[in-house]
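Working notes for the structure below.
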Amino acid sequence: MAGLLGGKGANLAEMASIDLNIPQGFTITTETCRIYNTTMRLPDGLFEELRTHLDILETKTGKTFGDDENPLLVSVRSGAKVSMPGMMDTILNIGLNSKTVEVLAKIDERFAWDSFRRFIQMFGDVVLGIKMELFENELSKIKKTAGVSSDQELSAFHLKHLVTEYLKIVYSSYGEFPSDPHTQLIMAVEAVFKSWDNDRAKTYRRINNIPHDICTAATVQSMVFGNMDTNSGTGVCFTRNPSGGTNQLTGEYLINAQGEDVVAGIRTPQPISELQTRMPHVFKELKEVCEKLENHYKDMQDIEFTVEKGKLYLLQTRTGKRTAQAAIKIATDLVQQGIINKKTAVMRISPVHINQILHKQIDPCSKNKENLFTKALPASPGAAVGRIALDSDTVIKMADRHEDAVLVRKETSPDDIEGMHLAQGILTARGGITSHAAVVARGMGKCCITGASDIIIDYEARTVKTNGKILKEGDMLTLDGTTGEAYFGKLDVTEPAFSKDLQLLLSWADGFKSLFVRTNADTPEDAKKAREFGAQGIGLCRTEHMFFKEDRINAMREMILAYDEEGRKKALLKLLPYQKKDFLGIFESMEGLPVTIRLLDPPLHEFLPTDHKDLEIIANRMGVSKEDLQNKINSLREFNPMLGHRGCRLAITYPEIAEMQVHAIISAASELQKQGKEIIPEIEVPLIGSKQELEFVSEIINRTANRIMKRHNTNIKYKIGTMIEVPRAALTAGSIAESADFFSFGTNDLTQMGFGFSRDDSDKFISQYMKKGIFIYDPFQQLDQEGIGELVKITVEKGRQTKPSLEIGICGEHGGEPESIKFFHKAGLDYVSCSPYRVPAARLVAAQASIVDDKAKTDI
């Protein structure tokens, strides 16, 4: 019931049902929040319902809300269906006022006034909108007066004085502090519902693709107190290590503290292992509880707990945020332990996890003691290199200038979410591995180091100091989140390697997927890397990229600028050996797998010189004047080159270009076939809009291929197909299929022509479309399933009506985008093709699409 009760409320109810010790309470549903956010008022009758459930809570606890003799105090905690750690608000100690605090003081005076000052500070900030820094400044003053460095060292006398000063702040900023507990409760519920739409929550949802309409629930719970005495405390633990995934209890705790002290990173806590010495009976019970919860939910759990006078209470459990490395290890370990099956393991991993694990790491050889800046807690692994930014606004400004930033803070707060998202990594002076910075960074896959207590951050001077070393904002810093080390300057990074756990998981994924995953590769090196990553062939080899190399660009320019066919053929003869060598390397890297080679596609002006020096070199090589050459270049310019003389139009106008390329393809394949190697070339004709265009170019391909095979005495089984990137080609796919062995969607151009957008210029307005709600996403990054997707479906239907065995794939950038891959699976494509480093994630998503599809069919 997480959709109705929120993840927190649903899990608390479930923990109660399996007899775990939780503070009693009830949940106000997400539907109530939805009504509130629509009308900006709580629904009629809510107060009466609250009163009814408070009565039940009072009976269960034996305390009375607002009572002067035995007062019940409660918390109001936010919690949506999807975990959003720290993004929404929570209020603790509701029900305290000048009378109830005196009742608590009879139990323990320091505890009572500490709880009251916390309540005023939290309620003032979250509910009344008073700046937190006003309270923090007053707290700093009182600690200075008392001669102490930490909050827990303040005496009851000092805390009582602090409450007086806090109430003055409230009075000057807001008015009288609300003393009626029922009023406090209603205001707190409103504040929690309002926090669903605060800026940080909206940013977090946008970053993590969480729907904006699921809303938050508000759970009302009786308070338990970790700040009651030195036999009390609070903590957060994970049933497995959230950074590496090892099967060990990991977490932190604080003695004589409340929950926000740990999560907010205000104090650096103690490792959970030390609780075994401090409170052995509590530690033993906590381990048993962790094992029970992990077995119940069949996943690693993130558990918040409080110890009140030696008694353990569970405040919440949820599926723990984890790094990519941990996610994959935990999933494979749980399968091997018989807790989950392989399908569940594959469904648990996000394509984001796969992409993160392929991030680069710091090269150990570039580290030395001299450039070590600080070492602290390795909260989230990976490497981060960038300029120091001391606040989120600076990160955002650096990102606007395309500069990489490392966010360095005393501690992060939920308001830092945008800066954390844009930063390469995060370093904090305070907090532990369960602090806000650590939890959010792990969820984002960001490198993070926390608890660097030796660094001194001066926000006014914009400097960071440690052990006599000073860095200024804007200086380069390198973080190693795996070891917790930060280094001066920019260190070298190394390429990532496949772990055994990742290889195992992807082998399971391959067993479930029906889509093949190919790669887009233009060099033997890219092809080799993609094959290591599990690519099942090449779906797009762009031949134009080969011509830009320094040793061949001049010959290419000579061909383009030649005045007649003879001149073009002369230049093409110079290019032929280069082109053949390229194909030899690519075919060898992909031996036994299909290789789709696209004939020359871009407009010819892209290869031409733009500066006078290059122009002079070409003129001298061709034996013509610079002026004549410039006139020739001018004649090739087009008003709209992306819709101009490119693609199959080049092969039709200048058949000799296609002849040279086919010559290179077939002769390379023939040489390798003679060596006993299986070569599977697929020759792709770009940008056709009619069957006649494909047939014209196919005749050139077949004629040339037959001539070269005859010369080599070989029989190469090649295919001829076309890219579907012009809307007319999609609509006439049935006719085109008569002359094609395969189709491959070029969704970049299909999107461009379908929307009428120039993909080179659309970034000027698409961001505004997204901000204003016209687009949910950039259609050049994620396929527009409603419009462009309809063209895909029409193509598949018409093409296979003509030729049921027609091979159909996609090789645009959408071939590596998760939501688009799911669509292509449903549309019935045979394969997707993407860049080498997107192949592993594409394999995972293809498997997930099949698993979901199979389940849907079973459910029907």
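The values are calculated or read from the model by the stated rules, or taken from the named source; none is laboratory data. Small disclaimer: the values here were computed from a predicted structure and weren't measured. Methodologically, a virtual Cβ is constructed for each residue, glycine included, from the backbone with ideal geometry; neighbour enumeration extends over all protein chains shown. Just the protein is used for accessible areas: all its heavy atoms, side chains included, with ligands, DNA and RNA removed. Shrake-Rupley method; radii C 1.70, N 1.55, O 1.52, S 1.80 Å.
Given only helices, namely DSSP H runs of n ≥ 4 each adding -39500 (n - 2.57), what is the per-residue ellipticity at 222 nm of the chain, to the nearest 500 deg cm²/dmol? Could you put the intermediate results ahead of the total?
Working: 34 runs with 401 residues, N = 860.
Helix contribution divided over all residues of the chain: -14500 deg cm²/dmol.
Under 14 Å from a point 7 Å along the Cα-to-Cβ line of TYR769: which residues of the stretch 198-216 have their amide N that close?
No residues fall inside that zone.
Which one, GLY567, GLY386, SER149, is farthest towards the positive end of the dipole of the chain when Lys and Arg carry +1 and Asp and Glu -1 on their Cβ?
Going by the Cα projections, it comes out as GLY567.
Return a whole-number percent for the relative contact order of the stretch 525-662, with Cα pairs under 8 Å and 6 or more residues apart as the contact set.
Numbers: 130 pairs, mean separation 43.7, N = 138.
Computed over the stretch 525-662, the figure is 32 percent.
DSSP loop chymotrypsin sites (Phe, Trp or Tyr not before Pro) in the stretch 202-300 with at most 14 other Cβ atoms within 10 Å of their Cβ, which ones? Spell out each step's value before the answer.
On the way: sites: TYR204, PHE225, PHE238, TYR253, PHE283, TYR297; in loops: PHE225.
In loop regions of the stretch 202-300 (DSSP not H, G, I, E or B), there are no sparsely surrounded chymotrypsin sites (Phe, Trp or Tyr not before Pro).
Along the charge dipole of the stretch 178-313, which of HIS296, CYS215, LEU312 sits closest to the positive end, that is, farthest toward it, with unit charges on the beta carbon of Lys, Arg, Asp and Glu (+1, +1, -1, -1)?
The Cα lying farthest towards the positive end belongs to HIS296.
May I ask you to derive the FRET efficiency for ASN748 and VAL852 from their Cβ-Cβ distance with R0 = 25 Å, giving the value to the nearest 0.05?
Details: r = 27 Å, r/R0 = 1.06.
Once rounded, the FRET efficiency stands at 0.40.
Report the label-to-label distance for ASP213 and GLU136 in nanometres (one decimal), using points 7 Å from each Cα along the Cα→Cβ vector.
Inter-label distance under the simple model: 3.8 nm.
ASN702 to ASP454: extension gain in nm, 0.36 nm per residue of separation minus the Cα-Cα distance? Walk me through the intermediate numbers first.
Numbers: separation 248, 0.36 × 248 = 89.28 nm, distance 7.20 nm.
Separation in residues times 0.36 nm, less the Cα-Cα distance, equals 82.1 nm.
For the stretch 592-688, what does the alpha-carbon gyration tensor say about shape, rounded, prolate or oblate, given a ≥ b ≥ c as the root eigenvalues, a/c under 1.5 as rounded, and a/b over b/c as prolate? Before the final figure, lay out each step's value.
Details: a/c = 3.27, a/b = 1.87, b/c = 1.75.
Prolate.
Report, by chain and number, residues whose modeled amide H sits under 5 Å from the one on GLY489, excluding near sequence neighbours (fewer than 5 apart, same chain).
Amide H neighbours of GLY489, under 5 Å, 5+ apart: MET476, LEU477, THR478.
Contour minus end-to-end for ARG34 and ASP67, with contour as 0.36 nm per residue of separation and end-to-end as the Cα-Cα distance? Kindly include the intermediate steps, with their values, before the conclusion.
Numbers: separation 33, 0.36 × 33 = 11.88 nm, distance 3.24 nm.
Roughly 8.6 nm would be gained on extension.
Just how far, in whole angstrom, is the stretch 555-586 from the stretch 218-282 if you go by their alpha carbon centroids?
69 Å
How about the stretch 711-813: which GluC sites (Glu not before Pro) there lie in a loop by DSSP and see at most 13 other Cβ atoms within 10 Å? Walk me through the numbers before you get to the answer.
Numbers: sites: GLU725, GLU738, GLU786, GLU790, GLU797, GLU807, GLU813; in loops: GLU725, GLU786.
Loop-located and lightly packed - GLU786.
Taking 25 Å as R0, compute the FRET efficiency from the Cβ-Cβ separation of HIS296 and GLU274 and round it to 0.05.
0.40
With θ set to phi - 60°, apply the Karplus curve 6.51 cos²θ - 1.76 cosθ + 1.60 along the stretch 393-400 and write out the HN-Hα couplings as whole Hz, x wherever there is a Gly or Pro.
In residue order, the calculated couplings are 4, 5, 4, 4, 5, 5, 4, 4 Hz.
Size of the dipole of the chain about the Cα centre, Lys and Arg at +1 and Asp and Glu at -1 on the beta carbon, nothing else charged, in debye to 20?
Details: 105 positive and 116 negative charges, 348 e Å.
About 1680 debye.
Determine the distance separating the Cα centre of the stretch 47-95 from the Cα centre of the stretch 687-739; give it in Å without decimals.
That distance is 71 Å.
When only alpha-carbon atoms are used, what values of Rg and Dmax, in angstrom, describe the chain?
Cα only, the chain: 32.5, 105 Å (Rg, Dmax).
Taking 0.36 nm per residue of separation and subtracting the Cα-Cα distance, what length does fully extending ALA497 through LYS569 add? Intermediate values should be presented prior to the final figure.
Values: separation 72, 0.36 × 72 = 25.92 nm, distance 4.52 nm.
Gain on extension, ALA497 to LYS569, equals 21.4 nm.
What do you get for GluC sites (Glu not before Pro) in the stretch 415-497 restricted to DSSP loop and a cutoff of at most 14 other Cβ within 10 Å of the site's Cβ?
Working: sites: GLU418, GLU460, GLU473, GLU485; in loops: GLU460, GLU473.
Answer in residue order: GLU460.
Under the Cβ-under-4.7 Å rule, which cysteines of the chain stay unpaired?
Isolated Cys, the chain: CYS237, CYS290, CYS365, CYS447, CYS448, CYS541, CYS648, CYS811, CYS834.
Could you work out how far the C-alpha centroid of the stretch 406-443 sits from that of the stretch 770-847, in angstrom?
The distance from the Cα centre of the stretch 406-443 to that of the stretch 770-847 comes to 35 Å.
How much of the accessible area of the chain, in percent, comes from carbon and sulfur atoms when a 1.4 Å probe is used? All intermediate terms of the calculation are to be shown ahead of the outcome.
Details: 18050 of 36410 Å².
Ligands and nucleic acids excluded, carbon and sulfur reach 50 percent.
Let me check something: with ligands and nucleic acids excluded, how do SER243, SER17 order by accessible area (1.4 Å probe), largest to smallest? Please report the intermediate quantities before stating the final value.
Values: SER243 25, SER17 80 Å².
Solvent-accessible surface, decreasing: SER17, SER243.
Please give the peptides 515-523, 57-65, 840-848 ranked by average Cβ packing (other Cβ atoms within 10 Å per residue), highest first, as a rough proxy for protection. Numbers along the way, then the final one.
On the way: 515-523: 25.6, 57-65: 16.4, 840-848: 27.3.
Going by the mean number of other Cβ atoms within 10 Å, highest first, we get 840-848, 515-523, 57-65.
Long-range amide H contacts for PHE65: which residues qualify at under 5 Å (H placed 1.01 Å from N, peptide plane, sequence gap of 5 or more or a different chain)?
Excluding prolines and chain starts, which carry no amide H, the hits are LEU72.
In whole Hz, what ³J(HN,Hα) sequence does the stretch 435-441 give by Karplus (6.51, -1.76, 1.60; θ = phi - 60°), x for Gly and Pro?
5, 4, 4, 5, 5, 5, 4
Check LYS719: other-chain or 5+ apart residues with amide H under 5 Å from its amide H, H built from backbone geometry?
HN-HN under 5 Å from LYS719: GLU682, ILE683.
I want to check the label-to-label distance for ILE107 and GLU48. Put each point 7 Å from Cα in the C-beta direction and report it in nm to one decimal.
3.3 nm
Go through LYS397/LYS771; LYS63/LYS99; LYS360/LYS826; LYS141/LYS309; LYS528/LYS826; LYS321/LYS490 and tell me which ones have a Cα-Cα distance over 23 Å in this structure. Walk me through the numbers on the way to the answer.
Working: LYS397/LYS771 19 Å; LYS63/LYS99 15 Å; LYS360/LYS826 34 Å; LYS141/LYS309 31 Å; LYS528/LYS826 30 Å; LYS321/LYS490 29 Å.
Listed pairs above 23 Å: LYS360/LYS826; LYS141/LYS309; LYS528/LYS826; LYS321/LYS490.
Ignoring ligands, DNA and RNA, how do ILE56, ILE107, ILE553, ILE618 rank by accessible area with a 1.4 Å probe, largest first? Working shown, then result.
On the way: ILE56 85, ILE107 105, ILE553 20, ILE618 0 Å².
Listed by decreasing accessible area, they come as ILE107, ILE56, ILE553, ILE618.
Once Rh for the stretch 96-231 is found with the Kirkwood sum over Cα pairs, what is the Stokes-Einstein diffusion coefficient at 37 °C and 0.692 mPa s, in µm²/s? Write down the numbers at each step before the final one.
Working: Rh = 16.6 Å.
Answer from the Stokes-Einstein relation: 198 µm²/s.
Using 15 Å as the cut-off for backbone N distance, which residues of the stretch 42-83 belong to the label zone defined by a point 7 Å from the Cα of LYS99 along Cα→Cβ?
Only 64-73 pass the distance filter.
Using mean Cβ contacts within 10 Å as the protection proxy, how do 655-664, 539-548 order, highest first? Working shown, then result.
On the way: 655-664: 22.0, 539-548: 20.4.
Most protected by this proxy first, the peptides run 655-664, 539-548.
Please turn the phi angles of the stretch 789-796 into ³J(HN,Hα) values with the Karplus equation 6.51 cos²θ - 1.76 cosθ + 1.60 (θ = phi - 60°), one per residue in order, whole Hz, x for glycine and proline.
These are the phi-based 3J(HN,Hα) values: x, 5, 5, 4, 4, 4, 4, 4 Hz.
Compute the distance in nm between two label points, each set 7 Å from the Cα along the Cα-to-Cβ direction, one at SER805 and one at TYR171.
In this crude label model, SER805 to TYR171 measures out at 9.1 nm.
Report the antiparallel proportion of the DSSP beta bridges in the chain as a percent, rounded to a multiple of 5. Don't skip to the answer; put the middle values down first.
Values: 60 of 100 bridges.
That works out to approximately 60 percent antiparallel.
Any idea of the accessible area per residue across the chain, 1.4 Å probe, to the nearest Å²? Provide the component values of the computation, followed by the final result.
Details: 36410 Å² over 860 residues.
The answer is 42 Å² per residue.
How do ARG205, ARG430 rank by accessible surface area computed with a 1.4 Å probe, from largest to smallest? The partial results should precede the final answer.
Numbers: ARG205 0, ARG430 95 Å².
In descending accessible area the options line up as ARG430, ARG205.
Considering only the other residues whose Cβ falls under 12 Å of the Cβ of LEU687, what net charge follows from Lys and Arg at +1 and Asp and Glu at -1?
Numbers: positive: ARG598, ARG646, ARG649, ARG728; negative: ASP601, GLU684, GLU693, GLU725, ASP749.
Around LEU687, the surrounding residues sum to -1.
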